[in-house]
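The values are calculated or read from the model by the stated rules, or taken from the named source; none is laboratory data. These numbers come from a predicted model, not from an experiment. So basically every Cβ, Gly included, is an ideal-geometry build from the backbone, and we count neighbours across all protein chains shown.
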Amino acid sequence: MDSIEKAIYGLACLYYIIIPLGYFATLWLPASEMTGKGTILVTGGAGYVGSHTVLELLNNNYSVIALDNLVNCYAEKNDKPESLKRVEKLTGKQIIFYNVDIRDKTSLDKIFKVHSIDFVIHFAALKAVGESVQIPLTYYQNNIAGSSTLFEVMQSNGVKKIVFSSSATVYGIPQFLPITEEHPTGQGCTNPYGKTKYFVEEILKDVCVSDHEWKVILLRYFNPVGAHESGEIGEDPSGIPNNLMPYIAQVAVGRREKVYVFGNDYPTPDGTGVRDYIHITDLAIGHVQALTKLNDTTFFGWKAFNLGTGRGYSVLDVINAFSKASGKIIKHEFVNRREGDVAASFADASLAKIELNWTATRGIDEMCKDTWNWQSKNPNGFKKK
């Protein structure tokens, strides 16, 4: 056998050995080992919850495409949002980013056409309870119309797996505590923000009825607080914070004079509102666990899960815990109740433990410690000055 015949024989052997091995590998190896765990489109990916979730997704071997209209996050002109740049630094991985509003159907469709998207995690929404009472039409237009547009584009591109960032506000005034997923929703929602979350949930439920290929996880989380343990990313609201923890942090760092406590006459142990606060990292991990549920071949339709600690803390509890964590005196003043607030709300999150293999592990002390670590390292948030 001459050299040419030997070469041909060798190539033939390789062909008939390697191709069958590759075929059987697709049968034996999990898809995650063959191609990674999949590509996730994260709407509102540069925001507080979005950026922390993107970090956890990257650390769990997912590819991420993030889009955001930069309404509630910081970015230099024509640059990637600072939160995502820091996530890239922390993970050593790249994020594809688009500056797109979810109401822009044409731009959304282009993203789905360019990329092979496996799942969507939908955060993009205006989210301030008090503000929603003042400008309800803006909230309905952004949160409901924007979500509907996103779902239409998903449907037309055959992407039918989604985790929706919902809220405990869909439960309205609690009829019992702790709140389980069986609690009625949409009854007595106290503000437009909560109503938008409820309406979007209902839209997704109807989509599941109309098309049985859809898989939808509704994550109803309570009050996200804290920051990544590195202090590199955290909550950086535009303008005056609408939530308690970032306001306290800005008082502690000297950006604001004092905390205004909305109401001290609620039927609670110290008269101030009681909430279930959940560390942002625990919350982000919950989204990763939800993707595993979506990949379950026996799961179709929709299901809701509470993400919380199952324990309530009052406003004064949080102020005292933050003072301890920061070593700062947190000045505060009692003022009238805020329209749209409820006296107490905390979760029963046992269903998430059973079906998502998820539970919150970080308490109020760690929430305050990590918030202070973020705020003290970044007194002006993501802005350099």
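Quick notes on this one:
- Screening the range 17-55 for residues that are part of a helix (DSSP H, G or I) and at pLDDT 50 or above and picking the one that is surrounded by the fewest Cβ atoms within 10 Å (Cβ to Cβ) gives V49.
- Meets criteria (in contact with a helix residue (DSSP H, G or I) (Cβ under 9 Å, 6 or more places away or on another chain) and part of a helix (DSSP H, G or I)) for L291: yes
- Meets criteria (closer than 18 Å to Y313 by Cα, touching a helix residue (DSSP H, G or I) at 6+ places or on another chain (Cβ under 7 Å), crowded, with 16+ Cβ neighbours inside 10 Å and at pLDDT 95 or above) for K369: yes
- Among the residues of this structure, I117 does not count as one that is touching a strand residue (DSSP E or B) at 6+ places or on another chain (Cβ under 8 Å), in contact (Cβ under 8 Å) with a residue 40 or more places away in the chain, part of a strand (DSSP E or B) and surrounded by 15 or more Cβ atoms within 10 Å (Cβ to Cβ).
- Total residues in the range 166-182, condition of a type in the set (A, V, I, L, M, F, W, C), in a loop (DSSP other than H, G, I, E, B) and in contact (Cβ under 8 Å) with a residue 24 or more places away in the chain: 2
- Selection from the range 325-347 of residues that are assigned to a loop (DSSP other than H, G, I, E, B), of a type in the set (G, A, S) and farther than 30 Å from I135 by Cα: G327
Each row is one residue, and each column tells you yes or no for (1) under 19 Å from V71 (Cα atoms); (2) of a type in the set (D, E, K, R); (3) surrounded by fewer than 17 Cβ atoms within 10 Å (Cβ to Cβ).
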residue: E152; (1), (2), (3): no, yes, yes
residue: I173; (1), (2), (3): no, no, yes
residue: E181; (1), (2), (3): no, yes, no
residue: Q187; (1), (2), (3): no, no, yes
residue: T196; (1), (2), (3): yes, no, no
residue: L204; (1), (2), (3): no, no, no
residue: V207; (1), (2), (3): no, no, no
residue: W214; (1), (2), (3): no, no, no
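The rows are residues; the columns are (1) in a helix (DSSP H, G or I); (2) in contact with a Phe, Trp or Tyr (Cβ under 6 Å, 6 or more places away or on another chain); (3) buried (at least 18 other Cβ atoms within 10 Å of the Cβ).
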{"position": "L57", "(1), (2), (3)": "yes, no, yes"}
{"position": "I65", "(1), (2), (3)": "no, no, yes"}
{"position": "V71", "(1), (2), (3)": "no, no, no"}
{"position": "N78", "(1), (2), (3)": "no, no, no"}
{"position": "L108", "(1), (2), (3)": "yes, no, yes"}
{"position": "K113", "(1), (2), (3)": "yes, no, no"}
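- Residues (in contact with a strand residue (DSSP E or B) (Cβ under 7 Å, 6 or more places away or on another chain) and outside any helix (DSSP H, G or I)) located in the range 80-98: K80, P81, I95, I96, F97, Y98
- Any hit, the range 337-353, residues being modelled with pLDDT of 95 or more, farther than 19 Å from A168 by Cα and either crowded, with 18+ Cβ neighbours inside 10 Å or out of contact with any strand residue (DSSP E or B) (no Cβ under 7 Å at 6 or more places or on another chain) (or both): no
- Within the range 276-291, residues that are more than 13 Å from R362 (Cβ to Cβ) have Cβ atoms under 6 Å from residues that are acidic (D, E) in these pairs: V288/E56, counting only partners at least 6 apart in sequence or on another chain.
- Screening N191, N223 for residues that are touching a strand residue (DSSP E or B) at 6+ places or on another chain (Cβ under 7 Å), within 21 Å of I278 (Cβ to Cβ) and in contact (Cβ under 8 Å) with a residue 40 or more places away in the chain leaves exactly one candidate, N223.
- Candidates are the residues of the range 125-168 that are of a type in the set (D, E, K, R) and at pLDDT below 95; the one that is nearest to G340 (Cα to Cα) is E131.
- If only residues of the range 247-281 that are surrounded by fewer than 24 Cβ atoms within 10 Å (Cβ to Cβ) and touching a Pro at 6+ places or on another chain (Cβ under 6 Å) are counted, the one that is farthest from G308 (Cα to Cα) is V253.
- In the range 107-124, the condition of being of a type in the set (S, T, N, Q) and modelled with pLDDT under 95 is met by no residue.
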